[in-house]
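So the structure is just underneath, and the comments pick up after that.
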């Protein structure tokens with residue numbers, strides 16, 4: 001799906017709902033302590049929640065997952081695939097972004113019903129696949145559409 005930025009950015013209220021629902025899903029699955037970063041289409045942090053026991057670098061990883069998906073216009077799963085096929089591209093992307101991009105699952109675009117991007121979420125703390133499951137659960141809890149890049 002093409003990157004179409006919506007004129008409506010994710011609201012603070014919705015960003016907090018996504019973050020809380022993602023953490024709730026992680027707790028229901030007995031996952032390791034998670035952190036959730038939700039950003040708007042400009043890449044501005046709208047909400048950040050961290051569970052007790054989450055390690056120091058988890059914010060940077062979660063933010064990098066969200067920021068990278070937004071910057072490239074597709075979910076973290078596709079970014080990860082491209083990294084495997086085009087490692088020089090990912091190395092260049094890392095250099096151009098001052099290391100902000102984290103090219104693994106767990107970064108998910110947030111789309112509205114019309115397909116426009118209203119933000120992105122990144123989660124860190126578990127395996128990348130489990131981080132992605134939590135992000136999708138958080139987004140779906142708000143009736144928005146999760147785009148993992150699959």
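The values are calculated or read from the model by the stated rules, or taken from the named source; none is laboratory data. Not measured: the values here are computed from a predicted model. Neighbour counts run over all protein chains shown; Cβ positions are idealised from the backbone, glycine included.
Worth a mention:
- The range 38-59, residues that are more than 9 Å from residue 124 (Cα to Cα) and outside any loop (DSSP other than H, G, I, E, B): 38, 39, 45, 46, 47, 48, 49, 50
- Matching residues in the range 13-39 - criterion: being touching a strand residue (DSSP E or B) at 6+ places or on another chain (Cβ under 7 Å) and surrounded by 22 or more Cβ atoms within 10 Å (Cβ to Cβ): 15, 18, 19, 22, 23, 34, 35, 36, 37, 38, 39
- Of residues in the range 111-150 being in a loop (DSSP other than H, G, I, E, B) and in contact with a helix residue (DSSP H, G or I) (Cβ under 6 Å, 6 or more places away or on another chain), the one surrounded by the most Cβ atoms within 10 Å (Cβ to Cβ): 125
- In the range 88-105, the condition of being within 23 Å of residue 8 (Cα to Cα) and assigned to a helix (DSSP H, G or I) is met by no residue.
- Residue 108, sole failed condition from (1) assigned to a helix (DSSP H, G or I); (2) buried (at least 23 other Cβ atoms within 10 Å of the Cβ); (3) without any contact (Cβ under 8 Å) to a residue 60 or more places away in the chain: (1)
- Of the listed requirements (1) closer than 26 Å to residue 53 by Cα; (2) buried (at least 21 other Cβ atoms within 10 Å of the Cβ); (3) modelled with pLDDT of 95 or more, residue 103 misses just one: (3).
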